[in-house]
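Just below is one structure, and these are the notes that go with it.
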Amino acid sequence: MKKIISFLLREKYVAVAAFVLTILFGIFSFYRMPRQENPDITSPSALITTVYPGASAHDVEELVTKKIEEEASKIDGIEKIDSISNDNFSAVIVTISYSVDKQKQWSDLKEYIDNVKSELPSGCYEPHVDTESMVETAGMLLSVSGDNLTPSQLDYYVKKLKQNLLPIEEINKITIAGNTQKKVFVETNAMKLNNYSISIEEIYNLLQAQNLRIPAGAIDTPGGKINVNVPESFESLEDIENIIIAASERGIVRLKDVANVYFGEDDDAKKIYSKGKNAVVLAAYFKTKNNVVLVGDEIDDAILKTKNSASADLDIDKITFQPEDVKLALDDFILNLFEGIIFVIVIVLIGMGIRNALIVSVSLPLTIFASFCFMYIFKIDLQQISIAGLIMAVGMVVDNSIVVTDAVQMRLNEGLPNNQAALEGVMESAVPVFTSTLTTVAALATLFVLPGEAGEFIKTMPVVIIAALLFSYAVSIFVVPVFAAMFFRTNTKLDNYDSKTRLIFSNLLSAAFSRKKLSAILVFGIFFLSVATAVLVLPLEIFPYTDKNYLYVDVVNSKKGDIKSTYELTKDIESLLGDEKAIESIFTCVGGYFPKYYLTSAIGSDSADFSQLIVKFNLKNDKAFGKDKQEFMMHIQNKLNENITGAQITAKLLAITAPGSDIEILISGNERTNLVEKANMIKDELMNIEGLYNVASSYAKNRQEYSIDVDNSIASVMGLTKYDIQRQVNIALSGINASVLNSDDNEYDIVLKSNIASISDLENFKIKSTATGNKIMLKQAADVTLSAAEPSAQRYNKSPVIKVTAEVSKGYSAQMAQNKIEKIINLNYSDDDIDFEFGGEKQTLSKYLKGLGIAAAISLAVIFVILMIQFSSLLQPLIIMISVPLSVIGSIFGLWIFDQPFSFTAGLGLLSLIGIVVNNAILLLEYINRARRDGLTIDEACKSSVKRRFRPIMLTTITTVVGLVPLALSASSFFTPMAVALMTGLMVSTLLTLIVVPMFYSMVEK
């Protein structure tokens, strides 16, 4: 290293050239880097969906869901398996650990699910394994609506918009939701069909066979082979109506003789409304590693082009629009970054004088631009997490340069020539600066072991900070000495610059040395007081809400399967919310969820008893709530609870993590009947706990359904099988896609069903035996009875489960509420046959606090080893690490004073502090040891270390703190607690370290 530095001091143009080239490539990298809102993360969950038309929820559970769960459980690293079985539909969600190879496990999962296909019942569709949709997020949702536009016109315009958007290279795919799919219905008349020998299943087979595309072959001609093509036959309704389905002595029977063929719409399909008007939603998904900000103008052009070609009634609204959101968010973050840079430079100017400050300031842009180069080369996007890492690094990256320039200046003041002063100054500082950098890097590196999606979400932050710190070390060792040798002059004024402040600390140090035991007891007392404050006073909020002005409302209608009732209910909610001044627009989806529009927005299957509203608001329009979004959310929730009945309604802000209830109790066992009883009792207990609202159970009350009880002996005599009955009744009642009609460049599904409208119609419906060809009325071989049945069946880890959930009002603790209910359950409801598992916020808190604790332990151990190697001592590293609890004192009281919760990001701040605060103690002990070798006594060396290292320690602390000021003032629910924890922890730790570390050193060494 010494030879390299000597070479650079002789050939200064090399360092200057490297400086210029790094700045230029950094600027290039900054403009070429991809920009997006959030970092890309991979999904730990796979969704397996299976459609089984006509099957009850119980049959779906027994015949489909259980078999899929069994196969899915064979893959490695499973954390949990959730499933729900509804009529006609099974959904199984498999969640695996982030520690396993997800790609391999998903490959194995698909293979296992392929194996189970042969075991599924006849008529069941193939299971679909989806490993992307759980995290795949639409970059924008556009609603297409119009006051006087018909569904067909809306469908035309949304397809036109899609055509205009498809040429945009950055768009990966486009989906459309809520468009009314026109279909061809073939509705058989059950009474007429009874008069003929053909069955409804045979009509289905004919429709399929009539429209197959089979290559006919080719004919040899003198000119060569000419292919023969038989066109598909269905080009109009008449083609379908005129299919011959039977023939007899009386003549031929065409489909139109027993069925009505017509165009129609699916009444139970998902419907979307924009500001009360019928709408269709277009969801566009962007390619990764692209600058989504630049796409915005192209999308606006496509929207304008579509509107210009349409009638004046056409409205295209942006429900969500990432290009604008990302631009605003990144503009704010980049502004914070440059504000931090300016603040740091100003502090350095004040603390070191113009000449020295300019040299130190060189390291700041050089390190930041080098970090841009690193991000560009290693494909790290410019997004809120990586930029937050840069902002955190701004104040730290000048620390090494401050220490080096201070050492160089001291050598100059001693009368050494510039080059020699630069060389000796940097060699004196190289080891302690390297150790300081290494300890900070070690602390940040432990962030990679944080568990779950949050660990993956924030991983670009430590990567960026570590890269910046390593660049800052290289700059301070190889570049700063060159510029210092070129421009520094003897400057004795700096020695007296901070003499008054230094005198105060000298007096405090003398006082501490005179009462060492009392001072030590006082420090430990303050530490334990801060811990008590954290436990008893500081609110816990593991993950905050996002800073977006979105509110979503989930509505679960108590009338199961009634989409018309759900629509009326949702319309009442929309009307009620329309009176709110803060609400700017409302978008509604009846019968299902909107496409996934944010990293943590929920997805789910379509359901006639579910609706979702996206509410966009601006609190500037209603001063009653100030800037408190959570207060506004609670106001909306209370308003809905007071005015709307007949549904479970939940208003939520978008969260940083996956959506879920604050309180969640999973009650599982083998007998669902026992679970229902326990769930109802626990639900009643929750309703009596103050501060809880929206208490609900996932158990859906039994509903009435008709059961077809086949008399096997009679059916056998008549030649009927259960398959004959199930298949033909299923087609008649549920309908089935039989084929397609291609007309006017459009493709329409052909749905075959029956006009059965009453129980007597069903009983008189004739079933054809596949064995004998005879047709028998259903009532001759089976009884149709009314019975109770579950509308859905939930399972957790392959056992029946009921979830009891609740939300916690602002000002109340979810952890305390859950502790209370856990105590009640353990005392009153424990049962050997029933398992209770607690989820919700407490489970999340436990998971991530444990992760932070493990990371902190690893960080402390690694730092201890580094210090032990540097100081060749076991005791001195322990003395240095006293600064860690000192930082906890500052962070806890800082969060309390500034009214910030202890959140996951505040924990990140505390964890990062471990590697930062020891740096000051390293500088002190390194000088104390050197002073003692020069002949000073222990106390003299301790006091001299504070005097000699005071300015670099205070300057490095202040620059780090002011670099974080913009992040602290950003009012970000995610980053502000982290910035406050870092700033206050570092300030208090530094002030106490200057007194406590020398004092403990003196006590231990004596």
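The values are calculated or read from the model by the stated rules, or taken from the named source; none is laboratory data. Just so it is clear, the structure is predicted and the values come from calculations on it, not from any experiment. So basically every Cβ, Gly included, is an ideal-geometry build from the backbone, and we count neighbours across all protein chains shown.
Selection of first residues in the stretch 929-940 that are without any contact (Cβ under 8 Å) to a residue 24 or more places away in the chain and of second residues that are among the small types (Gly, Ala, Ser), restricted to Cβ pairs under 6 Å at least 6 apart or on distinct chains, gives the following pairs, ordered by first then second residue: Ala931/Ala941; Ala931/Ser944; Arg932/Ala941. Residue count for the stretch 5-52, restricted to those that are assigned to a helix (DSSP H, G or I) and within 30 Å of Ile68 (Cα to Cα): 0.
Evaluate the following for Ser792: is it at pLDDT below 85, surrounded by 13 or more Cβ atoms within 10 Å (Cβ to Cβ) and within 20 Å of Lys683 (Cβ to Cβ)? Against the criterion (at pLDDT below 85, surrounded by 13 or more Cβ atoms within 10 Å (Cβ to Cβ) and within 20 Å of Lys683 (Cβ to Cβ)), Ser792 qualifies. Residues in the stretch 955-1006 that are among the β-branched types (Val, Ile, Thr) and over 30 Å from Phe513 (Cβ atoms): Val962, Val965, Thr976, Val980.
Checked against the criterion of being in a helix (DSSP H, G or I), surrounded by fewer than 24 Cβ atoms within 10 Å (Cβ to Cβ) and touching a helix residue (DSSP H, G or I) at 6+ places or on another chain (Cβ under 7 Å), the candidates Pro998, Pro966, Pro977 yield just one match: Pro966.
Residues checked against (1) assigned to a loop (DSSP other than H, G, I, E, B); (2) farther than 30 Å from Tyr98 by Cβ; (3) modelled with pLDDT of 85 or more:
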position	(1), (2), (3)
Glu453	no, no, no
Ile465	no, no, yes
Ala468	no, no, yes
Met486	no, yes, yes
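For Gly139, state whether it is under 30 Å from Lys616 (Cα atoms), touching a residue at least 24 places away in the same chain (Cβ under 8 Å) and small (Gly, Ala, Ser).
Against the criterion (under 30 Å from Lys616 (Cα atoms), touching a residue at least 24 places away in the same chain (Cβ under 8 Å) and small (Gly, Ala, Ser)), Gly139 qualifies.
Scan the stretch 659-680 and tell me whether some residue there is touching a strand residue (DSSP E or B) at 6+ places or on another chain (Cβ under 7 Å), among the small types (Gly, Ala, Ser) and either in a loop (DSSP other than H, G, I, E, B) or in the same structural domain as Phe904 (by TED's automatic domain parsing) (or both). Yes, the stretch 659-680 contains a residue that is touching a strand residue (DSSP E or B) at 6+ places or on another chain (Cβ under 7 Å), among the small types (Gly, Ala, Ser) and either in a loop (DSSP other than H, G, I, E, B) or in the same structural domain as Phe904 (by TED's automatic domain parsing) (or both). Residues that are within 25 Å of Glu132 (Cα to Cα) and outside any strand (DSSP E or B) within the stretch 168-205 comprise Ile168, Glu169, Glu170, Gly178, Asn179, listed in sequence order. Summed over the stretch 89-111, the residues that are farther than 24 Å from Glu453 by Cβ and not hydrophobic (A, V, I, L, M, F, W, C) give a count of 2.
Residue-by-condition table, conditions (1) within 27 Å of the chain's Cα centre (by Cα); (2) among the acidic types (Asp, Glu); (3) not in a loop (DSSP other than H, G, I, E, B):
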{"residue": "Leu538", "(1), (2), (3)": "yes, no, no"}
{"residue": "Lys560", "(1), (2), (3)": "no, no, no"}
{"residue": "Lys571", "(1), (2), (3)": "no, no, yes"}
{"residue": "Ser575", "(1), (2), (3)": "no, no, yes"}
{"residue": "Ser585", "(1), (2), (3)": "yes, no, yes"}
{"residue": "Lys596", "(1), (2), (3)": "yes, no, no"}
{"residue": "Ser601", "(1), (2), (3)": "yes, no, no"}
{"residue": "Ser611", "(1), (2), (3)": "yes, no, yes"}
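Among residues of the stretch 138-156 being crowded, with 22+ Cβ neighbours inside 10 Å and of a type outside the set (A, V, I, L, M), the one that is nearest to Tyr598 (Cα to Cα) is Gly139. The condition of being among the polar types (S, T, N, Q), crowded, with 17+ Cβ neighbours inside 10 Å and farther than 30 Å from Glu111 by Cα holds for only one of Ser43, Ser6, Ser29, Ser56, that being Ser29.
Taken over the stretch 301-324, residues that are assigned to a helix (DSSP H, G or I) and under 23 Å from Glu136 (Cα atoms) amount to 3.
Taking the conditions exactly as written (surrounded by fewer than 22 Cβ atoms within 10 Å (Cβ to Cβ), out of contact with any Leu (no Cβ under 9 Å at 6 or more places or on another chain), charged (D, E, K, R) and not assigned by TED's automatic domain parsing to the domain that holds Ile521), does Lys847 satisfy them or not? So Lys847 passes the test.
Considering only residues of the stretch 850-875 that are in contact with a helix residue (DSSP H, G or I) (Cβ under 6 Å, 6 or more places away or on another chain) and over 21 Å from Gly985 (Cβ atoms), which is surrounded by the most Cβ atoms within 10 Å (Cβ to Cβ)?
First pass over the stretch 850-875, keeping only residues in contact with a helix residue (DSSP H, G or I) (Cβ under 6 Å, 6 or more places away or on another chain): 852, 855-856, 858-859, 862-864, 866-868, 870, 875.
Now narrow it down to the ones that are over 21 Å from Gly985 (Cβ atoms): 868, 870, 875.
Details: Met868: 15, Gln870: 21, Leu875: 13.
For the stretch 850-875, the residue satisfying everything is Gln870.
Look at (1) among the acidic types (Asp, Glu); (2) under 30 Å from Ala302 (Cβ atoms); (3) over 30 Å from the mean Cα position of the chain (by Cα) and you find that Glu132 fails only one, number (3). At least 2 residues being over 29 Å from the mean Cα position of the chain (by Cα) and modelled with pLDDT of 80 or more is the threshold, and among the helices (runs of 4 or more DSSP H) wholly inside the stretch 337-415 those reaching it are 354-377, 399-413. Among the residues here, Gly178 qualifies as modelled with pLDDT under 90, small (Gly, Ala, Ser) and crowded, with 16+ Cβ neighbours inside 10 Å. As an exercise: evaluate Ser107 against (1) touching a helix residue (DSSP H, G or I) at 6+ places or on another chain (Cβ under 8 Å); (2) without any contact (Cβ under 8 Å) to a residue 24 or more places away in the chain and give the number of the one condition it does not meet. All conditions pass for Ser107, except number (1).
Return yes when Val280 is outside any strand (DSSP E or B), more than 30 Å from Asn205 (Cβ to Cβ) and in contact with a strand residue (DSSP E or B) (Cβ under 6 Å, 6 or more places away or on another chain) and no when it is not.
Here the answer is no, as Val280 does not meet what is asked.
Go through the residues of the stretch 464-473 one by one and say whether even a single one is surrounded by 22 or more Cβ atoms within 10 Å (Cβ to Cβ), aromatic (Phe, Trp, Tyr) and touching a helix residue (DSSP H, G or I) at 6+ places or on another chain (Cβ under 9 Å). Yes, that holds for at least one residue. In the stretch 297-312, the qualifying residues are those that are surrounded by 19 or more Cβ atoms within 10 Å (Cβ to Cβ) and among the small types (Gly, Ala, Ser), and the one that is modelled with the lowest pLDDT is Ala310.
I'd like the full set of residues that are surrounded by 13 or more Cβ atoms within 10 Å (Cβ to Cβ) and free of Cβ contacts under 8 Å to residues at least 24 places away in the same chain, limited to the stretch 678-690. Asn680 - this is the single residue of the stretch 678-690 that is surrounded by 13 or more Cβ atoms within 10 Å (Cβ to Cβ) and free of Cβ contacts under 8 Å to residues at least 24 places away in the same chain.
Counted as qualifying within the stretch 87-167 are the strands (runs of 3 or more DSSP E) with 1 or more residues that are under 30 Å from Ala738 (Cβ atoms), namely 89-96, 128-130. When Ile636 is tested against (1) buried (at least 20 other Cβ atoms within 10 Å of the Cβ); (2) within 25 Å of Phe617 (Cβ to Cβ); (3) outside the structural domain of Ile586 (by TED's automatic domain parsing), only condition (3) is not met. Residues in the stretch 313-348 that are closer than 26 Å to Ile614 by Cα, aliphatic (A, V, I, L, M) and surrounded by fewer than 18 Cβ atoms within 10 Å (Cβ to Cβ): Leu328 alone. Screening Ser199 on (1) buried (at least 16 other Cβ atoms within 10 Å of the Cβ); (2) closer than 30 Å to Thr65 by Cα shows it passes everything except condition (2).
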